[in-house]
Amino acid sequence: MLPIDPAQLDPDDIGEKETVLEMDHEDAIEHVREVFTEAGFGIPVEFSPSELLNEKVEADRDPYYVLGACNPAVADRALEASDGELGALFPCNVVVWEEEPGRQRVYHVSIMRIARLVGMAPDDDEMADIVAETGELVDNAFEEL
């Protein structure tokens, strides 16, 4: 049995954000990368699970791409506030998948919010400030997508 009932969670509880971009998959990846960079994130990790799975297990997956976004100053504060445990969830992933040619879904959940829900980060003022700051950065990025 899960310690949290997922059906009881509101998308805001996990900082869920999503939008649809009407453009080619590669163009969407580049657009998301640029927007998140301009919003204050670095993108230290990127990979295509669909390419890997299609190659390794002949999965026949549609294009799916992960951009690992990180704001170093916030990440440093989050590591400190969580005694290093929150690093197990780094980086903050933004995924782009092709729903159909020319239509890309962009999706993100807040690792900062999830870390508090599962007890990896404290429920205190410092973590609340971190959650608010990362939430604002992500909100700003999604407004520009």
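The values are calculated or read from the model by the stated rules, or taken from the named source; none is laboratory data. Bear in mind the structure is a predicted one, so any value in this text is a computation, not a measurement. Here the Cβ is made from the backbone with ideal geometry for all residues, glycine too, and neighbour counts use every protein chain on show. Heads up: the accessible areas ignore ligands, DNA and RNA and are worked out on the full protein's heavy atoms, side chains in. Shrake-Rupley method; radii C 1.70, N 1.55, O 1.52, S 1.80 Å.
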How many residues are in contact with a strand residue (DSSP E or B) (Cβ under 8 Å, 6 or more places away or on another chain) and over 22 Å from Asp5 (Cα atoms) when one looks only at region 105-137?
3
Residues in region 1-17: is at least one closer than 20 Å to Asp139 by Cα, under 13 Å from the mean Cα position of the chain (by Cα), open to solvent by 40 Å² or more (accessible area, probe 1.4 Å) and touching a residue at least 40 places away in the same chain (Cβ under 8 Å)?
yes
Based on this model, can you work out whether Asp62 counts as without any contact (Cβ under 8 Å) to a residue 60 or more places away in the chain and at positive phi?
no
Kindly indicate whether Tyr107 is touching an Asp or Glu at 6+ places or on another chain (Cβ under 8 Å), among the aromatic types (Phe, Trp, Tyr) and open to solvent by less than 60 Å² (accessible area, probe 1.4 Å).
yes
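Matching residues to (1) β-branched (Val, Ile, Thr); (2) farther than 17 Å from His31 by Cβ:
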position: Glu98; (1), (2): no, no
position: Gln104; (1), (2): no, no
position: Ser110; (1), (2): no, yes
position: Asp129; (1), (2): no, yes
position: Val138; (1), (2): yes, no
position: Ala141; (1), (2): no, no
position: Leu145; (1), (2): no, no
Among (1) charged (D, E, K, R); (2) in a strand (DSSP E or B); (3) more than 17 Å from the chain's Cα centre (by Cα), Glu98 falls short only on (3)
Quick check, is Phe47 over 19 Å from Val20 (Cα atoms) and out of contact with any His (no Cβ under 9 Å at 6 or more places or on another chain)?
yes
Could you grab me the full set of residues in region 94-118 that are in contact (Cβ under 8 Å) with a residue 40 or more places away in the chain and closer than 17 Å to Ile130 by Cα?
His108, Val109, Ser110, Met112, Arg113, Ile114, Leu117, Val118
Search region 19-44 for residues that are free of Cβ contacts under 8 Å to residues at least 40 places away in the same chain and pair each with any residue that is open to solvent by 60 Å² or more (accessible area, probe 1.4 Å) and of a type outside the set (Val, Ile, Thr) when their beta-carbon atoms are under 8 Å apart and the residues are at least 6 apart or on different chains.
Arg33/Glu46; Gly42/Pro72
Which pairs turn up if I take residues in region 123-137 that are surrounded by 12 or more Cβ atoms within 10 Å (Cβ to Cβ) and look for partners that are of a type in the set (Ser, Thr, Tyr) with beta carbon separation below 9 Å, at least 6 apart in sequence or on another chain?
Met127/Ser82; Val131/Ser110; Thr134/Ser110; Gly135/Ser110
Subset of region 45-89 [surrounded by 16 or more Cβ atoms within 10 Å (Cβ to Cβ) and assigned to a loop (DSSP other than H, G, I, E, B)]:
Ser48, Arg61, Pro63, Asn71, Ser82
Condition check: in contact with a His (Cβ under 6 Å, 6 or more places away or on another chain), open to solvent by less than 20 Å² (accessible area, probe 1.4 Å) and modelled with pLDDT of 95 or more. Does Val94 satisfy that?
yes
